[in-house]
Amino acid sequence: MNAPHLAQTHALVIEGARVLVGDRIESLSLRIEGGSISGLDVAADGALRHDARGMVLAPAMIDIHGDAFERQLMPRPGVMLPVEAALLETDRQLGANGIATAYHALSLSWEPGLRSVETGWQVLQSLVRLAPRLSVENRLQLRWETFCFEALPLIGAVLGGALTPALAFNDHTTMALLDPAVPLQARPFDHDPEYPLANPTDPRFARKMASRAERAQIAPADYAATLMRIWQRRAAVPDAIAEVAAQARTAGAPMLSHDDSQPETRAFYRARGARISEFPMNRATATAAREAGDWIVFGAPNAARGGSHLGSPGAAGMLAEGLCDILASDYYYPALLAAVARLAADGAGSLSALWRLVSANPAEALRLTDRGSIAAGKRADLVLIDWPEGGTPVPRATWVAGKLAYNATAMG
């Protein structure tokens, strides 16, 4: 009988770890039974025992936005691999990185290829088929390009599914047509009638089309022509946003807006029920989100590297100003733990406070009331971390609802 099966049917006591409990770290034992945390510092009473001396036990991480799965689908430009194999590999990576709940940022775009609606359907159907074989909880963040009306049937199907998704409003169509003279982080509200458009004959515009066309697996001229055809839908986009937002509210799905560049943009999506600002692109927009009581998300790679690769605000600086509540893996799953480690080493906060960025806060923002912290009665989503003082941390075991999803330690 293997260890994962035992974890499902027998009580388990994890002993000797330093445990992140609320706002403190304590050396105590933790008992798992029936998929939940049944007690702290209680008797083993015949349970299996796991020796975790010298390690840190924390709530498993919750990833509000991760698109690293795209690298499993398309490891090289234009090279697509079978969807089920890619998702199974992604699931293994999530468990190995201490992530028990993942919201895959599934782009639903009008462009063909990796981010097409067709690929979106394949991912959705594969996740449904694979559900009994997955180790962690794989959910979807419907990263909807608001000009892509073809995605509405898929969005409706996911909103009616067993695992409530999140819905993120993206407008990379308008962003793609921005005049190159205007910094991306300062672009006007997407629906501004005076929005500054690029000159299609500008070489900088051609270069932008070339990079996007490579992902879409079409010629740059064809990509540009498709973009201009889709742009003709612009007048109908606000009504489509209102329709999708209403469906999400009915389904109880949390909503986010992506890459907000103006307080006006944040206000537009907040009015439709999106109370999470994902990757605000400047301080003024983040400040407006904070003043309105919205959740604010920044990328963990940003924090782990010490700055944004796009020139957007640095997560560490935003955290210091009280303008960051949640870290997302974005394009690199190991970044969640790496970001917390760097922030802790830099004195940005206590480990217990910083861990909220990857556990309790995303749980609350995503309305997952059964996880995100260590307490009796909570779901047993846990990560055991080998974290020597001054050293690089690495997950050694991950439990999801009490089941062992990843193990790199000796059990006994």
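The smallest convex shape that holds all Cα atoms of region 245-284, its convex hull, gives 51 Å³ per residue.
Grab the alpha carbons of the chain, take their convex hull, and tell me the volume per residue in Å³. Could you put the intermediate results ahead of the total?
Values: hull volume 55.7 nm³, N = 412.
In the chain, the Cα convex hull volume per residue is 135 Å³.
Think of it as helices only: each DSSP H run of n ≥ 4 in the chain is worth -39500 (n - 2.57), and spread over all residues that comes to -10000 deg cm²/dmol at 222 nm.
For M55, the residues whose modelled amide H falls within less than 5 Å of its own, excluding neighbours fewer than 5 places apart on the same chain, are R18. A Förster radius of 60 Å, combined with the Cβ-Cβ distance separating N199 from A375, puts the computed FRET efficiency at roughly 0.55. Here the extension length gained between A210 and S27 equals 60.4 nm, from 0.36 nm per residue of separation less the Cα-Cα distance.
Nearest 20 debye, what's the magnitude of the dipole of region 61-365 about its Cα centre given +1 on Lys and Arg Cβ and -1 on Asp and Glu Cβ?
Values: 27 positive and 32 negative charges, 71 e Å.
Dipole magnitude for region 61-365 comes out near 340 debye.
To check you understand DSSP bridge types, tell me what percent of the beta bridges within the chain (both residues inside) are antiparallel, rounded to 5. That works out to approximately 40 percent antiparallel.
Is the shape of region 122-173 rounded, prolate or oblate, going by the alpha carbon gyration tensor and its root eigenvalues a ≥ b ≥ c, with a/c under 1.5 for rounded and a/b larger than b/c for prolate? Prolate is the answer for region 122-173, as a/c is 1.5 or above and a/b outweighs b/c.
On the basis of the beta-carbon distance and an R0 of 51 Å, M228 and T392 show a calculated FRET efficiency of 0.60.
Classify region 222-328 as rounded, prolate or oblate, taking a ≥ b ≥ c as the square roots of the eigenvalues of its Cα gyration tensor: rounded when a/c is under 1.5, otherwise prolate if a/b is larger than b/c and oblate if not.
On the way: a/c = 2.22, a/b = 1.38, b/c = 1.61.
The shape class here is oblate.
Remark on V21: its backbone amide H falls under 5 Å from those of E26, a criterion applied only to residues 5 or more positions apart or on other chains, H modelled at 1.01 Å from N. Against the chain, whose longest principal axis comes from its Cα atoms, helix 335-345 is set at around 70 degrees.
Near the amide H of A105, within less than 5 Å, lie the amide hydrogens of G66, D67, Q141, all on another chain or at least 5 residues away, with H placed in the peptide plane.
Against the chain, whose longest principal axis comes from its Cα atoms, helix 203-216 is set at around 50 degrees.
Given R0 = 30 Å, the distance between the Cβ atoms of E321 and E84 translates into a calculated FRET efficiency of 0.10.
Here the Karplus curve 6.51 cos²θ - 1.76 cosθ + 1.60, taken at θ = phi - 60°, turns the phi angles of region 148-162 into couplings of 9, 5, 5, 7, 4, x, 5, 4, x, 5, 5, 4, x, x, 5 Hz, with x standing for Gly and Pro. Relative to the longest principal axis of the Cα atoms of the chain, the long axis of helix 220-231 lies at roughly 90 degrees.
FYI, it's all coordinate maths here, none of it is from the lab. None of the values given here were measured: they were computed from a predicted structure. Positions of Cβ are backbone-derived with ideal geometry, glycine not excepted, and every protein chain shown enters the neighbour counts.
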